[in-house]
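The values are calculated or read from the model by the stated rules, or taken from the named source; none is laboratory data. Computed from a predicted model, the values in this text were never measured in an experiment. Neighbour counts are summed over all protein chains in view; Cβ atoms, including those assigned to glycine, are modelled from backbone coordinates with ideal geometry. Each accessible area value is taken on the protein alone, full model and side chains, heavy atoms only, with ligands, DNA and RNA left out. Shrake-Rupley method; radii C 1.70, N 1.55, O 1.52, S 1.80 Å.
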Amino acid sequence: MSPAGNKEALYAAVESGADAVYLGLNMFNARRPARNFKFDELEETVAYAHSKGVRVYIALNIDLKSTELADAAKILIFIKKCRADAVIVKDLALIYLIGKYFEPLEFHLSTQFGIANSAAMSAAEALDASRAVLARELDNGEISALVRPYFPKAEIFVQGSMCFSFSGKCLMSSWFGGKSANRGTCQAPCRFRFGRDGSDDLQPYFSMKDLNLSARLKELEKTGVAALKIEGRLKSAEWVGGITRFYRSLLNGTEHDGADPSQFSGREQGEGFYGSCDNLITSRNSGTVQTAVRSTSEDRKERMNWYDLKIVCAERVNISISTVYGDARLEVRLKKLVDERRGVFLSELEERLRDVSFGNLFLGRFEIDTDILISKSQLNNIISDLGSLIAPMSRKEIKFLKSVKLPHKLDHELRNPEQDPKNTLDVCFENANLLRISSGDIEQIIDDVKDAGIKKVIVTEPLLDRAEIYKRLASKVRVELSLFPIMFENELQDMKDLIKLLEHTNNISYEVNDLGHLELLKGTSKKIDCGHGLSPYNFLAVKKLKELGLASAHIPFEADMETIEGIKLSPLPLRMTVYSRMPLFYSRAESDNFKEGDSFTDRQGFKFFVRKYKSISIFTSAEHFTIEGTDLKGIRAHEIIIDLTGEEGILKKFRELKKDPSAFPGRTFNLNRKLF
């Protein structure tokens, strides 16, 4: 299966032997920087691919805000009309919509779901997914365990860039600047350089080698996987054609040009987690490769409308945006300037934007009064912010969506969200009633928790050999075991045994953070709540959680006010964490640099440290997230959580936070800015 970030790349993939292509529209896909496809291109594109016997899958693989649901539903109508073969989804709301209004439209579960064990595949089957794109962290045996006749078909990545974090579980880009990997705007901070344990020697500790499993195709064929996927929707048509021919010739057993696969990557390549969990990081390139989509100015003029930028640099950078559809302004506060060796000139923005479309708009005139040095990350943020302002001004796409009419019942459902009557608590520290700790923290609180005024203790990172202490804690306070968001096949039995062992213990319930947890808990009499790993970003996703038997919904850690406003009218009791050290990302990668307690700091001062759970490194923010300093007036929930995982003096700090949260400063994450 080949990537198609634009029409030229699709043609190259089809002509070079792809069995299927996957692509995104100009909205709601995880590769927003790609040129992507306009609505008026899709029907013709699908017809062309089908005429060549090639299937077309449309990526709608991000989490949606409630304000985006109507447009997403209209896009589903259009995709079905164009006869695309399937939709690749991340949001449970789309699964809800497809099941209720758009059958028999097929859908595939995105790799963002992190399918890593047979329980998760059983859950995918229960959702009626026809295919699941497996997590990229699996070895041969783990992949084989997920290929069974009664499971959805399994699809795996064999080539392309690798995320350091488990997909769908990374908050790093969002924490740094509000650009969410879960919403297609990741700034790839794992490629940045960091200082370790206070060192000024900055290194790319998290920059993964590109994946290349071309030497493993015969082994993969024996596993029974249904599709081999190439990552690369940001690549040129030449690249897509070349890599497709390369893999087609390998699969056909024929000779191919350019047998050295390094020609397809500017980075060092490896076999990823399929080979092992170590030696995955690179600090060097293996060569140069042309990956940018280039076009002449005449091509751009013919295809697209223009936007113009005028930039004035003073204490802040002021960018004036002019289009035929209207004007806008972007003001950027300058961060600490860097020297030329580490920074880039702002004028590089022109080259970076030259062949990038926002909606159906390309860069026209570019003016800058004074060139200045800025950090590379800030340049990336400016590009992302410009896209968020300019793309909605592309009236052609918006006009098209307005022309699509929703069925009356669907339109009524979107306009009339339900509200659970249990959401009565104002979200504030004073009303916090749940405490989150780790399994290793129990001894610290067990003797005094009964008189601490805590409704329930959520215990993360449970272990089978700790079953007795969970029972002891449950004799003093209600206990909710939070299942870890990442489980591999060899870890399932221990968790099943723990659940069975605690089935008749009073005051025990569970929190789920992954689809597979629902299968593990099937048949239990215990209450099942929603953890941050399954957080819904809209009220229809909450509806789907309710259908699946969950008793609550957790407001996303990275939510902005628009997201919260969109789910406050939801059919389940809501939970919100008001204080926590954020789990920014999780990784299976092994290195001497990732020991318990190791810390990392970037050039802007963002710091995080390592916690370990089994084979997983949890990279956790040094600063706390807090709601202190935000206006949450009118936001109500049923349960309010203070997370003190791994801290000292837990019960004392819990009481002090409720009394005076201003004494514990932190970051408000996205509550005082927009989540892109």
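Listed values, structure above:
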item	result
Pairs with Cβ under 6 Å, 6+ apart, first in the range 597-608 and closer than 15 Å to ARG581 by Cα, second open to solvent by 40 Å² or more (accessible area, probe 1.4 Å) and part of a loop (DSSP other than H, G, I, E, B)	SER599/ASP197
Criterion (among the acidic types (Asp, Glu) and surrounded by 24 or more Cβ atoms within 10 Å (Cβ to Cβ)) met by exactly one of ASP514, ASP598, ASP602, ASP592	ASP514
Counted residues, the range 91-135 - those being touching a residue at least 60 places away in the same chain (Cβ under 8 Å), outside any helix (DSSP H, G or I) and closer than 19 Å to LEU414 by Cβ	1
Members of the range 423-448 that are of a type in the set (A, V, I, L, M) and over 23 Å from THR620 (Cα atoms)	LEU425, VAL427, ILE446
One residue from SER122, SER144 being closer than 15 Å to THR223 by Cβ, buried (at least 17 other Cβ atoms within 10 Å of the Cβ), over 19 Å from the mean Cα position of the chain (by Cα) and not β-branched (Val, Ile, Thr)	SER144
Entirely in the range 564-676, the strands (runs of 3 or more DSSP E) that have 1 or more residues that are out of contact with any Ser or Thr (no Cβ under 8 Å at 6 or more places or on another chain), among the aromatic types (Phe, Trp, Tyr) and closer than 21 Å to GLY195 by Cβ	599-601
Selection count, the range 260-299, where residues are open to solvent by 70 Å² or more (accessible area, probe 1.4 Å) and either at pLDDT below 60 or not in a helix (DSSP H, G or I) (or both)	11
Selection from the range 431-452 of residues that are without any contact (Cβ under 8 Å) to a residue 40 or more places away in the chain, more than 23 Å from ALA551 (Cβ to Cβ) and in contact with a helix residue (DSSP H, G or I) (Cβ under 7 Å, 6 or more places away or on another chain)	ILE442, ILE446
Any hit, the range 468-481, residues being within 28 Å of the chain's Cα centre (by Cα) and either aromatic (Phe, Trp, Tyr) or not in a loop (DSSP other than H, G, I, E, B) (or both)	yes
Neighbours by Cβ (under 7 Å, 6+ apart or cross-chain): first from the range 403-430, over 19 Å from ALA70 (Cα atoms) and in contact (Cβ under 8 Å) with a residue 40 or more places away in the chain; second open to solvent by 90 Å² or more (accessible area, probe 1.4 Å) and part of a loop (DSSP other than H, G, I, E, B)	none
Among the residues listed as PRO571, PRO536, the single one being open to solvent by less than 10 Å² (accessible area, probe 1.4 Å), modelled with pLDDT of 95 or more and under 20 Å from ARG183 (Cα atoms)	PRO536
Selection count, the range 173-201, where residues are open to solvent by less than 40 Å² (accessible area, probe 1.4 Å) and farther than 19 Å from ASN381 by Cβ	1
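Residues are listed down the side, and each one gets a yes or a no for (1) surrounded by 19 or more Cβ atoms within 10 Å (Cβ to Cβ); (2) of a type outside the set (Asp, Glu); (3) in contact with a Phe, Trp or Tyr (Cβ under 7 Å, 6 or more places away or on another chain):
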{"site": "PHE28", "(1), (2), (3)": "yes, yes, no"}
{"site": "GLU43", "(1), (2), (3)": "no, no, no"}
{"site": "ALA49", "(1), (2), (3)": "yes, yes, no"}
{"site": "VAL56", "(1), (2), (3)": "yes, yes, no"}
{"site": "ASN61", "(1), (2), (3)": "yes, yes, no"}
{"site": "ASP71", "(1), (2), (3)": "no, no, no"}
{"site": "CYS82", "(1), (2), (3)": "no, yes, no"}
{"site": "ILE88", "(1), (2), (3)": "yes, yes, yes"}
